[in-house]
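The block underneath contains the structure these notes are about, expressed in structure tokens.
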Amino acid sequence: MAELTYREAVAEGIAQEMERDETVVFLGEDIAKAGGVFKATVGLYDKFGPDRVRDTPISEQAILGAAMGAAMTGLKPIAEIMFSDFLAVCWDIVANQIAKIRYMTNGQVSMPLVIRTANGGGARFGAQHSQSVENWSMMIPGLKVVAPSTPADVKGLLAAAIRDPDPVMFFEQKSLYSSKGDVPEGEHIEEIGVAKVVREGSDVTIIALAAMVPRALDAADRLYSEAGISAGVVDLRSLVPLDTKTIFEQVEKTSRLVTVEENPRLCGWGAEISSIVAEERFWDLDMPIIRITTPHIPLPSADELEDMALPSVERIFETVRQGVD
Amino acid sequence: MDVLMPQLGETVAEGTLSIWHKNVGERVEANELLFEISTDKVEMEVPAPAGGVMKEILVKEGETVEVGAILAILDDGTDGSVGPIAPEPAPSLENNAQHLTHSLPAASPSVASAAVSPNHDPRRRLSPVVRKLVAEHNLNPDNIDGSGLDGRIKKSDVLALLQRNAPTTTDQASGSSTSLPSVDGKKVIPFNRIRRVTAEHMVRSKSTSPHVHQGVEVDFSRVDRVRSDKGVAWRAREGFSLNYLPFVARAVCDAIVEFPHVNAHVEENSLVVYDQVNLAIAVDLNFEGLVAPVIQNASSMTAVEIARSIAGLAARARANQLTPGDHLGATYTISNNGSFGTLFTTPIINQPQVAILSTDSITKRPVVVEQDGEDHLVIRPVGIVTQAFDHRAIDGAYAAAFLRKVKEIIETKNWEAALP
């Protein structure tokens, strides 16, 4: 084990796969010589050179168009979209082309492509650079959607995404880049589509993703010490495929479900999970399913307002405490 | 339409079809009694899921099949495109408002009707999982203490109740297995469900609780006087004989007021002491098994009321009409073996309770009594009352003091006044 930051784990995961497989290439804005605007790809250019680690013009459509062509013709590209907000200009390529190619060619053409992107708020970047948009990708058939919460999962899930024969949307949470954690040294790979129970609990299950996982864990600590409530926490890790098996097991156990989402409320991923659980585990529920989300607003850039908008430890604690009564 | 073996409880995986009330070719109306089943927990009558003509019976009487198995095919006039439907043994609810807030997928008509209430008490707004558990275990929500907001019943409240009552010494007997022929001079009688459950519970009780037995000799003269004075009138009025048991039961409830720790459960590392006495009475089912139905809140009853409750429960037990609800909540158990002339019995505790009392034969004996400084030999009705207690929960002196109190009450209470 080595202690790495979330951002260092990104570079380590990419390097692991580029060393293993020479068809893996990496392209994006300022990712090469500059090491990425979030310094998540430092050292890759020096190690693998300009042919495999490429800076691109400031055109997200160009990045993904080139990456798509490369993937169709035998390479395994990793494309970086600097801020996930910018995916909005990419949807034709992502939703209509990348997600559909395998299906429309009857499996003759595969799309081993990873789109990495920095997602989420908390950094005072304003409404156009702070959105948590994992739910945008979740609703497009043909895409896998991954969002790790720890450095170890960044490395392991990024490796799995690169090896996956189909397109994977890989959301790195900006507010987690400086967080630290133990990361296995040497080759490390995780399975996409398996949620992780990061804290066992008997009274209520809190399902969280990415930056909401550490907040849910802190809230669970407080729920136990201040309110005597045993809250389990599930790190979902990927939205597609969705690990309903783990979700159901936890719902059967605690009969109470809370989701904590950074994405805005309407059509957030928690709504989908609520719907599935209400349909398939209705008779196990002992309280209404509760969703804790960012409200349906453009995210403010003012410090205090942004902090109020995003689900906080305090809000999770209070909501669960009152809900469990 | 397929008629399926219904789910009768969370832990019940199979059931035995005991009686078909309709033969092939007969017409049955929706909700008319169609068949009866027995499980290790309960005997149950199941109504027809729909009206129609019995087309085929696939599971014969006496056969044991898994929950969900197809028992019969009912020609209900549809072309068969309707999916299989397990009988829903609940009566249909007439009132929509009730249906929205109080309908239950109940496992027995009696429970469903008990659970339907016209009011909007938050206590009665049952969550899905509570509804499911209540239905599966045939509970009446009115009897469940809710610990949630405004008294709402939570899943944990139901589970706690079920755990308190879970394994009993006693469940419904199911079928005789003594009519097997002998082969090579012996016959092998496989344990039926009630024997298996009893066996499992007895072994577990003995390995869980260090049992200590103590007995006291009790002079039943005062009780006897009441019985001989009022027995005939009682029998004429109540329709059953007045035996010693209600007096012992009342004395136990009185003594528990002073020694509440015998009226308790052991849960993990705690003794949970109950305010009210829910008194289980062991009832033998003609040597086919043992049940211990419960007199709820016996501590609030007079000896007369206890006598009526015991008679009612015993009659229902022997008629196989107990429901799982009759087994719930026991905090203390009395076993009565006196009718067979036993001197004393060393009973096994009905988990998770901490004590059980046995009454045995009461016979006339020569007894030395001291009067005015002189010893006199007199004839008195005397019996030994034995108690087994869990030494984890209480100690010998406490248990003995409790027994002494029971003895004192039986011997000195003004029973004439207690009985009309």
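The numbers here are math on the coordinates, done by the rules we state, and not lab data. Because the structure is a prediction, the values reported are computed rather than measured. Note that each Cβ is placed from the backbone with ideal geometry, even for glycine, and that neighbours are counted across all protein chains shown.
Taking R0 as 41 Å, what's the FRET efficiency between B:Leu149 and B:Glu66 from their Cβ-Cβ distance, rounded to 0.05? So, using R0 = 41 Å, E works out to roughly 0.55.
A helix-only calculation puts the protein assembly as shown at -9500 deg cm²/dmol for mean residue ellipticity at 222 nm, using -39500 (n - 2.57) for each DSSP H run of at least four residues, averaged over all residues.
Other protein chain C-beta atoms within 10 Å of residue C-beta, averaged over B:127-134: 5.
In terms of surrounding Cβ atoms within a 10 Å radius of their Cβ, B:His327, B:His213 rank from fewest to most as B:His213, B:His327. Rounded, prolate or oblate: which one fits region B:296-406, using the alpha carbon gyration tensor with axes a ≥ b ≥ c (rounded when a/c is under 1.5, else prolate when a/b beats b/c, else oblate)? Prolate is the answer for region B:296-406, as a/c is 1.5 or above and a/b outweighs b/c. With the convex hull of its Cα atoms as the shape, region A:2-183 has an orientation-averaged projected area of 9.3 nm².
A simple spin-label model places the labels of B:Leu33 and B:Arg196 2.8 nm from each other, with each point 7 Å out along Cα-to-Cβ. When only the Cβ of Lys, Arg, Asp and Glu is charged (+1, +1, -1, -1), the dipole of region B:2-75 relative to its Cα centre reaches about 160 debye.
Comparing B:Phe35, B:Leu71, B:Val24 along the charge dipole axis of region B:2-75, the residue lying farthest to the positive side is B:Val24, per the Cβ-charge model.
Values of log10 I(q)/I(0) for region A:177-219 across q = 0.14, 0.16, 0.33 Å⁻¹ run -0.46, -0.59, -1.26, by the Debye formula with one identical scatterer at each alpha carbon and no solvent. Normalised by 2.2 N^0.38 Å, where N is the number of residues, the C-alpha radius of gyration of region A:196-324 stands at 0.99.
Rounded if a/c is under 1.5, else prolate if a/b is larger than b/c, else oblate: which is chain A, with a ≥ b ≥ c the root eigenvalues of its Cα gyration tensor? Prolate is the answer for chain A, as a/c is 1.5 or above and a/b outweighs b/c. Rounded, prolate or oblate: which one fits region B:202-418, using the alpha carbon gyration tensor with axes a ≥ b ≥ c (rounded when a/c is under 1.5, else prolate when a/b beats b/c, else oblate)? Since a/c reaches 1.5 but b/c is at least a/b, the shape of region B:202-418 is classed as oblate.
Across all directions, the shadow cast by the convex hull of the protein assembly as shown built on its C-alpha atoms averages 45.9 square nanometres.
In a fully extended conformation the segment linking A:Asp218 and A:Ile58 would gain 53.7 nm over its present Cα-Cα distance, using 0.36 nm per residue. Dipole magnitude for chain A: about 520 debye, using +1 per Lys or Arg Cβ and -1 per Asp or Glu Cβ, origin at the Cα centre. On the basis of the beta-carbon distance and an R0 of 25 Å, B:Ala401 and B:Val369 show a calculated FRET efficiency of 0.60. Extension gain, B:Val203-B:Asn286: 0.36 nm per intervening residue step, less the Cα-Cα distance, totals 27.6 nm. Projecting the Cα atoms of A:His129, A:Gly193, A:Ala70 onto the dipole axis of the protein assembly as shown, where Lys and Arg carry +1 and Asp and Glu carry -1 at the beta carbon, places A:Gly193 farthest toward the positive end. Taking a Cβ cut-off of under 12 Å around B:Ile362, the surrounding Lys, Arg, Asp and Glu residues balance to a net charge of 0, with basic ones at +1 and acidic ones at -1. Along the axis of the charge dipole computed for chain A (Cβ charges of +1 for Lys and Arg, -1 for Asp and Glu, origin at the Cα centre), the listed residues A:Ile101, A:Ser230, A:Ala152 are led at the positive end by A:Ile101.
For B:Lys60, B:Lys413, B:Lys154, the sequence from fewest to most other C-beta atoms within 10 Å is B:Lys60, B:Lys413, B:Lys154.
The coefficient of translational diffusion for region B:197-324, derived via Stokes-Einstein from the alpha carbon Kirkwood radius under 10 °C and 1.306 mPa s, stands at 95 µm²/s.
Counting only lysines at least 8 places from B:Lys364 when in the same chain, those with an alpha carbon closer than 18 Å to its own are B:Lys407. Between B:Phe340 and A:Ser178, the FRET efficiency estimated from the beta carbon spacing at R0 = 60 angstrom works out to 0.15.
Tell me, which longest segment in chain A has none of the GluC sites (Glu not before Pro) that fall in DSSP loops with at most 14 further Cβ atoms within 10 Å? Let's see the in-between values first.
Details: sites that count: A:Glu22, A:Glu185, A:Glu187, A:Glu191, A:Glu200.
Here the longest segment lacking exposed loop sites spans A:23-184.
When +1 charges are put on Lys and Arg Cβ atoms and -1 charges on Asp and Glu Cβ atoms, the dipole computed for the protein assembly as shown relative to its Cα centre reaches about 1380 debye. Working from the Cα coordinates of region B:361-411, the gyration tensor eigenvalues give, after taking √(5λ), semi-axes of 29, 14, 8 Å in decreasing order. Karplus-derived 3J(HN,Hα) values for region A:59-72, using 6.51 cos²θ - 1.76 cosθ + 1.60 with θ = phi - 60°, are 8, 4, 5, 5, 4, 6, x, 5, 5, 5, x, 5, 5, 6 Hz; glycine and proline are entered as x.
Here B:Lys155, B:Lys405, B:Lys230 are placed in order of increasing Cβ neighbour count within 10 Å, fewest first, which gives B:Lys230, B:Lys405, B:Lys155.
Between B:Ile379 and A:Ala302, the modelled label-to-label distance comes to 10.1 nm, taking each label 7 Å out from Cα in the direction of the beta carbon.
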